[in-house]
Structures are given as structure tokens and as C-alpha cells.
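Shown next, in C-alpha cells, is the structure this report addresses.
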Amino acid sequence: MIIQKSENPRISSFDPNNFSFGNTFIDHMVICEFEDGKWGEVKLVPYGPLPFSPAMMGVNYGQACFEGMKAYKDKDGEVFLFRPEKNFERINKSAARLAIPEITREMFIDGLKALVNLDRAWIPQGEGMSLYIRPLIFATEEALKAKISSKYMFAIVATPAKSYYTEPVSVKISDFYSRAASGGVGSAKAAGNYAASFYPTQLANEEGYEQIIWTDDATHEYFEESGTMNVFVRINDTIYTPPTSEKILDGITRDSFIQLAKKRGIELKVEPVSVKQVVEAHKDGSLKEVWGVGTAVVTSVFKALGYKGEKLQLPLLSLEESFALSLQKDLVDIQTNNAEDTFGWRVLVKNEILETV
Ligand code: COI
């Protein structure tokens with residue numbers, strides 16, 4: 001790995017009590033280029049813009065995918081990643097679906113650890129704080145023929161992240177727009193999936209909903225995801241979540257919630273969740289909770305579901321009553337080293353001095 005440290009680090013002007021998520025970037029980034037059929041050397045370099053042509057294939061044809069993951073600092077200042085191998089596996093699955101060459105473990109895991117270790121001072125400490133890390137791959141060939149690109153860039157950038165505690169939101173159950181199609185790229189973390197979700201979400205916002213519950217493209221009768229997250233429903237004391245498929249992202253937070261619910265002895269069914277079942281459960285009072293899970297905010301609790309012009313209100317439960325909030329707490333306690341990690345999910349990032357090459 002080539003390491004080039006920043007000569008003008010910005011860390012001394014970073015205020016962990018006053019920053020905004022997503023547009024404050026740590027001092028360094030990882031980059032690696034693919035050319036002539038192979039990936040080159042991984043470079044850890046100062047964060048900053050890169051020169052690209054508007055004819056770059058990644059922006060013209062959307063051959064791009066990414067990951068979202070976090071690093072946490074415990075009360076003693078030790079730094080941990082959460083299930084990074086899962087993100088490594090998934091970025092290569094996304095890459096394969098988009099005809100992007102797979103990356104190596106060295107590029108992903110070693111690059112990630114070196115970056116997080118070097119910029120560990122950027123990881124805010126305390127309740128709900130973390131470093132959100134964005135590994136990504138995009139096509140860089142300067143060419144307008146619609147074909148598989150012959151050049152790519154793999155990069156890792158990161159931004160400090162604050163509290164998980166977001167206000168409960170109202171979500172609209174989609175009866176027209178779809179996030180993913182049969183045989184499409186829904187299970188990949190393809191950049192284009194997010195682009196396609198913005199307009200329907202904007203329309204939902206105009207109707208007073210913060211997010212959309214995406215339903216299947218063929219019938220709109222089954223839940224698939226919510227916003228950029230996987231979706232969970234609690235009816236009486238049973239949790240339901242749709243099975244992953246070519247249309248549903250295999251969320252790492254989703255999988256962690258499933259394992260944590262099972263550990264607690266909560267009944268959890270991974271099976272298709274129909275809109276009808278949810279609307280009827282709301283009518284008879286057995287619908288207790290509906291929530292989304294994802295890396296960025298961990299849990300987003302829903303206070304109302306919009307369906308065909310009606311707004312179905314949901315009860316707001318306390319931490320003790322809520323499966324969503326208590327499972328979130330179990331997860332965050334493991335992520336931040338406040339609880340024993342019986343699953344082996346935490347990965348320590350050793351505090352090592354990196355030599356500039
Ligand atoms: C997540 O929930 O982690 C996401 O995928 C959100 C991200 C696009 C900011």
C-alpha cells in the first residue's frame with residue numbers, strides 16, 4: 001500500500017459537537033485503479049477531488065456501486081469495525097451484477113483498516129456517534145459507447161456520524177412506483193437504485209410522507225423495503241420481514257436484527273409480508289410496530305403508514321415495550337463495545353503507526 005499523509009490535516013478544526021453528516025470528510029481516502037485487466041496498487045492519500053471527464057462511463061451509464069459501514073470508538077478509545085467481511089462480500093456481489101471487476105480482500109479490508117487507523121481521531125466518541133464509511137467502485141473509462149467499461153476506480157471515503165435517534169416518520173406504501181424489478185438490480189447496492197428512488201420519494205414528501213415503503217413491481221401487494229432500508233413489521237408479538245431476493249438488498253443490519261431477535265427468543269418470521277395483512281392488523285389493533293433498519297440510522301420507527309389516501313396511525317412505544325428500539329439497543333451495545341459480542345461481529349482496528357511510502 002502506498003501511503004501519502006496529508007500535509008494540511010483538517011482534524012484540529014473538526015468539532016465533534018458541531019458537524020453535519022455526509023459533507024464533512026476525514027483527512028484521507030483510499031483509492032485504487034483498474035486498468036489493463038487488473039487492479040493497481042492501493043493508495044492511502046489526502047482526501048480531495050479527482051479529475052474526471054464528463055464522458056466518464058460511470059456517470060453516463062451508471063456502472064457504479066457502493067457500500068455503507070461504520071467504525072465505532074469505545075469509552076477507552078479503542079476502534080472497531082462491524083462485520084466488515086459482510087460488506088466486502090456484498091460489494092463484490094454488487095460488482096458482479098454490474099459487470100464490474102471484483103476487488104480483492106487486500107484492497108477492501110486492508111485499505112479500510114489503514115484508513116480508519118490513520119484517521120481514528122475523526123471518529124467521534126459517545127452515545128450514537130460513529131464514522132460512516134463509504135467504499136465505492138465506479139467506471140472511469142472515457143468513452144460513450146454503451147458497453148462494459150475497461151477502467152474503474154475503487155475508493156473509500158468517510159464522514160463522521162451523529163446520533164441514531166431520529167424522530168419517528170410517516171411512510172407511504174407505494175401503489176405505483178417500484179424500487180426494483182424482477183431480474184433487475186434491486187439486490188445490488190447499485191448507485192442507480194438510489195437515483196431512481198429520489199423522484200417518487202419527492203412526490204411522497206409533497207404528500208406529507210418522509211419515506212416510501214417499496215412494494216413489489218408486479219402487484220404492489222407485498223412489502224419489499226422502506227426508503228433506503230430493510231423493513232420489519234410486528235403483529236402482536238411476532239416480527240415479520242420479507243425474505244431477501246434479487247429485488248431486496250441483503251442488509252447487514254437486517255441480518256443482525258434477525259439474529260438478535262432469535263437470541264432474545266422473539267418469534268420472527270422471514271416470509272412475504274402483504275399490504276393486506278398489515279392493513280388488517282392495523283384495523284384489528286394487532287399491528288404494533290413497523291420500522292426500517294440500515295447502517296446509517298440503524299432504526300427508523302414509523303408513526304404512520306399512508307395507504308390509498310388513508311393515514312394509518314401507529315402507537316409510539318417506549319424502549320421497554322418496543323422490539324424495534326430494544327433490538328436497536330442490543331445492536332448498538334455490541335457495535336460500541338458496551339456488551340459482550342457473542343456473535344463475533346466486532347473487529348478491532350489496531351492502533352499502529354503507518355509509515356509513509
Ligand atoms: C443505510 O441505511 O445505511 C443506507 O443505505 C443509507 C445510505 C444510502 C446513506
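Only the coordinates and a few stated rules stand behind these numbers; no lab work does. As the structure is a prediction and not an experimental result, all values here were calculated from the model. All Cβ positions, glycine included, derive from the backbone under ideal geometry; neighbour counts span all protein chains shown.
Output the pairs from LYS38/LYS93; LYS93/LYS147; LYS189/LYS308 with a Cα-Cα distance over 22 Å in this structure; if there are none, say none. Flagged as over cut-off: LYS189/LYS308. With angles folded into 0 to 90 degrees, how steeply does helix 252-263 sit against the dominant principal axis of the chain? Use alpha carbons for both and round to 10. The two axes meet at around 50 degrees.
Distance from the alpha carbon centroid of the stretch 86-106 to that of the stretch 110-185 works out to 14 angstrom. Compared with the dominant Cα axis of the chain, that is its longest principal axis, helix 84-97 is turned about 90°.
Could you pull out the GluC sites (Glu not before Pro) across the stretch 166-275 that fall in loop regions by DSSP (anything but H, G, I, E, B) with no more than 16 other Cβ atoms inside 10 Å? Write down the numbers at each step before the final one.
Numbers: sites: GLU206, GLU207, GLU210, GLU221, GLU224, GLU225, GLU246, GLU267; in loops: GLU207, GLU210, GLU221, GLU246.
Of the GluC sites (Glu not before Pro), the ones in loops of the stretch 166-275 whose Cβ has at most 16 other Cβ atoms within 10 Å are GLU207, GLU221, GLU246.
May I ask you to order 269-276, 323-330 by the average number of other C-beta atoms within 10 Å around their residues, highest value first?
Numbers: 269-276: 15.4, 323-330: 21.1.
By packing density, highest mean first, the sequence is 323-330, 269-276.
Straight-line reach from LYS172: taking Cα to Cα under 18 Å and skipping same-chain neighbours fewer than 8 places apart, the aspartates and glutamates in range are GLU206, GLU207, GLU210, ASP216, ASP217, GLU221, GLU224, GLU225, GLU280, GLU289, GLU310. Under a 5 Å amide H cut-off, with hydrogens placed 1.01 Å from N, HIS28 pairs with TYR47 among residues at least 5 apart or on other chains.
All other residues whose Cβ lies under 15 angstrom from that of LEU118 are scored, Lys and Arg at +1 and Asp and Glu at -1, for a net of +1. Please go through the residue pairs LYS73/LYS151; LYS75/LYS269; LYS43/LYS86; LYS73/LYS311; LYS162/LYS276 and name each one whose alpha carbons sit more than 30 Å apart in this structure. Beyond 30 Å between Cα atoms: LYS73/LYS151; LYS75/LYS269; LYS73/LYS311; LYS162/LYS276.
For LEU319 and ALA99 in one chain, what is 0.36 nm times their gap in residues minus the Cα-Cα distance, to one decimal in nm? Please report the intermediate quantities before stating the final value.
Working: separation 220, 0.36 × 220 = 79.20 nm, distance 4.41 nm.
Gain on extension, LEU319 to ALA99, equals 74.8 nm.
Here's the picture: charge each Lys and Arg Cβ at +1 and each Asp and Glu Cβ at -1 in the chain, and of THR104, LEU260, PRO135 the one pushed furthest to the positive end of that dipole is THR104. Rounded to the nearest 20 debye, the dipole magnitude of the chain is 180 debye, with +1 charges on Lys and Arg beta carbons, -1 on Asp and Glu beta carbons, and the Cα centre as origin.
Order these by the 10 Å Cβ neighbour count, fewest first: LYS147, LYS93. Don't skip to the answer; put the middle values down first.
Numbers: LYS147 12, LYS93 15.
Listed from fewest to most nearby Cβ atoms, that is LYS147, LYS93.
Putting +1 on Lys and Arg Cβ atoms and -1 on Asp and Glu Cβ atoms, find which of ASN23, SER12, GLY48 reaches farthest to the positive end of the dipole of the chain. With unit charges placed on the Cβ atoms, the residue in question is GLY48. Here the stretch 49-129 is assigned +1 on the Cβ of each Lys and Arg and -1 on the Cβ of each Asp and Glu. Its dipole about the Cα centre then comes out at about 220 debye. Is the shape of the chain rounded, prolate or oblate, going by the alpha carbon gyration tensor and its root eigenvalues a ≥ b ≥ c, with a/c under 1.5 for rounded and a/b larger than b/c for prolate? It is oblate, given that a/c is not under 1.5 and a/b is not larger than b/c. Applying the criteria of a DSSP loop state and at most 12 other Cβ atoms within 10 Å to the trypsin sites (Lys or Arg not before Pro) of the stretch 1-87 yields LYS75.
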